[in-house]
1. Return the total of residues in region 251-276 being farther than 17 Å from LEU154 by Cα, surrounded by fewer than 24 Cβ atoms within 10 Å (Cβ to Cβ) and touching a residue at least 24 places away in the same chain (Cβ under 8 Å).
2. Which of the residues that make up region 358-399 are over 25 Å from SER86 (Cα atoms) and part of a loop (DSSP other than H, G, I, E, B)?
3. Could you tell me whether region 328-347 includes any residue that is touching a Leu at 6+ places or on another chain (Cβ under 7 Å), assigned by TED's automatic domain parsing to the domain that holds PHE65, within 15 Å of TYR74 (Cβ to Cβ) and at pLDDT 95 or above?
4. Confirm whether ILE345 is surrounded by fewer than 23 Cβ atoms within 10 Å (Cβ to Cβ), under 17 Å from the mean Cα position of the chain (by Cα) and hydrophobic (A, V, I, L, M, F, W, C).
5. Which number in (1) outside any helix (DSSP H, G or I); (2) of a type outside the set (Lys, Arg); (3) touching a strand residue (DSSP E or B) at 6+ places or on another chain (Cβ under 7 Å) marks the one condition that VAL121 misses?
6. Name the single residue, out of those in region 286-326 being part of a loop (DSSP other than H, G, I, E, B) and within 18 Å of the chain's Cα centre (by Cα), that is nearest to GLY136 (Cα to Cα).
7. If I ask for residues that are in contact (Cβ under 8 Å) with a residue 60 or more places away in the chain and within 18 Å of GLY126 (Cα to Cα), which ones from region 303-319 would you list?
8. Quick check on my filter: what residues within region 82-108 are of a type in the set (Lys, Arg), surrounded by fewer than 24 Cβ atoms within 10 Å (Cβ to Cβ) and touching a residue at least 60 places away in the same chain (Cβ under 8 Å)?
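The values are calculated or read from the model by the stated rules, or taken from the named source; none is laboratory data. Bear in mind the structure is a predicted one, so any value in this text is a computation, not a measurement. Don't worry about glycine lacking a Cβ; one is built from the backbone with ideal geometry, like all the others, and counts go over all protein chains shown.
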Amino acid sequence: MQDRFGLSKDSAASLMITTLLPRPACRRCSFGGSLALLQRILFAGLALVVASVPVSAQQTPALVFEPATGLVLYSEHPDLRWHPASLTKLMTAYLTFEAIKAGRLSLDGELSCSAHANAQVPTKIGLPVGAKMRVGLGLETLIVKSANDVAVMLGEGVGDGLLTRKQREVCTAHTLATEPALVESGGCRAKGPNAGKLCAAKRGNSKRAAAKGAADPAASEAAGGEPASKPEDLRQKRVDAALAKCRLSAFIGQMNITAHRLGMTRSRFVNPNGLPDDRQVTTARDMALLTRAIIDDYPEHAALFSLPSVKVGKRRLRSHNALLRTFQGADGMKTGFICASGFNIVASATRNRRRLVAVVLGLPTSSQRNERAKQLLEYSYAMYGWKAVFPNGSIEALPFSPRVDVAPTDIRRKVRSRACGYWPKRRHKARKKAKKRKRKTARVQKSRKSRKKRKSRKKRKPRKWRK
């Protein structure tokens, strides 16, 4: 197996040994001999760095850098397009921090759960429509539990401050103009040639039930009656839903504007939580730029990313980032997973006052993802001195890959997760054995029934013979 320098580990090690072998001293001058020795030592150090590079069998994007200086310690396919999955929530958190700093939002402010937020798939908190949550608690659940519904709630909360008064009026007017019949008909959604008669019958039933319930509200409720203000309530619900949608659209637009400002030229966001969408892409380099911006611009929120758990009501939610428990010095940041992208992670660690961040994308299991991040961080800490002497450059200075228009890789078939249709071999064999046992039991029961029938026939009374 060869590394990115084109040398195998054995050849690099042999190269290091040959460079350290003693050579004849320079006969002309001592300066030439010392210079040659210095060159051999430096070349041996370079060979040692090459021999110790952690090679990945999957050939997936990876990048290790120092946020304080931007020094890149390791890079592998940094510009290969990939689906970010829940790493998208780092951008959601960044814009929330920005809104808090600008005064448009506060940690003690409240977020409202809309119907769109409630409809998100897990992982989520599961708040009902109209429920409230503090912004501070929302950020904690966003980072620790990676809640998809909370990401939408934060997006709508931040987007509310981005909309102008005119934009709100236009959004409301457009929504009411798209479905006027729905509001006028009192919420009747009947279709077909008899839709008008069905809606009229529904309206008549609701009016009779409302008139009957004027004297007896309990009877009206039992009969399924609706108040006379139902169309107005439905109208308000439609307006609220439209405003929530417009707030979220404004937030997503701000995500892409901020990504362009930070230099994330190969990233595109279409939702605030990273749920599957072919248009939502990023690269390891862009994730490194976003992580560095979070660390540099908002150090006051660094404690959020190192929380091992968060308490919501009576529930204690544990972090998905296992490195916080298993790696020395780990202090963040975020994990992500969807079937198309595999398991991703942005892992941060601090040792001896030196902070390094590893970006790893596209591993088939969470354990392999964590192990890969550990290897890269350990390697970077061990080789930091040599990398400072022979730098690879900063994040921006890395050469860009010429393959710009390549679609993101879909590794669904390689991902080992039940959500992606993967079943371990042991479980598959166990299921086969269970089916075999079931068929055998059915055959035994069938044979027993047939024996009973034969015995019952034998026990019949014999015919009486005539004398």
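1. Start the filter on region 251-276 by keeping residues that are farther than 17 Å from LEU154 by Cα, which leaves 257, 259-268, 276.
Then drop every residue that is not surrounded by fewer than 24 Cβ atoms within 10 Å (Cβ to Cβ), which leaves 257, 259-266, 268, 276.
Restricting the remaining residues to those that are touching a residue at least 24 places away in the same chain (Cβ under 8 Å) gives 259, 262-264, 266, 276.
Here the count works out to 6.
2. Within region 358-399, MET383, PHE390, PRO391, ASN392, GLY393, ALA397, LEU398, PRO399 qualify.
3. Scanning region 328-347 turns up at least one residue that is touching a Leu at 6+ places or on another chain (Cβ under 7 Å), assigned by TED's automatic domain parsing to the domain that holds PHE65, within 15 Å of TYR74 (Cβ to Cβ) and at pLDDT 95 or above.
4. On the way: surrounded by fewer than 23 Cβ atoms within 10 Å (Cβ to Cβ): no; under 17 Å from the mean Cα position of the chain (by Cα): yes; hydrophobic (A, V, I, L, M, F, W, C): yes.
No, not satisfied.
5. It is condition (3) that VAL121 fails.
6. Keep residues of region 286-326 that are part of a loop (DSSP other than H, G, I, E, B), which gives 298, 307-308, 313-314, 319-322.
Imposing the further condition that a residue be within 18 Å of the chain's Cα centre (by Cα) reduces the set to 307-308, 319-322.
On the way: LEU307: 13, PRO308: 16, SER319: 17, HIS320: 19, ASN321: 20, ALA322: 23 Å.
Ranking the candidates gives LEU307 first.
7. SER309, VAL310, VAL312, LEU317, ARG318, SER319
8. So in region 82-108, the residues of a type in the set (Lys, Arg) come out as 89, 101, 104.
After this cut, where a residue has to be surrounded by fewer than 24 Cβ atoms within 10 Å (Cβ to Cβ) as well, the list is 101, 104.
Listed by number, the list holds a single entry, LYS101.
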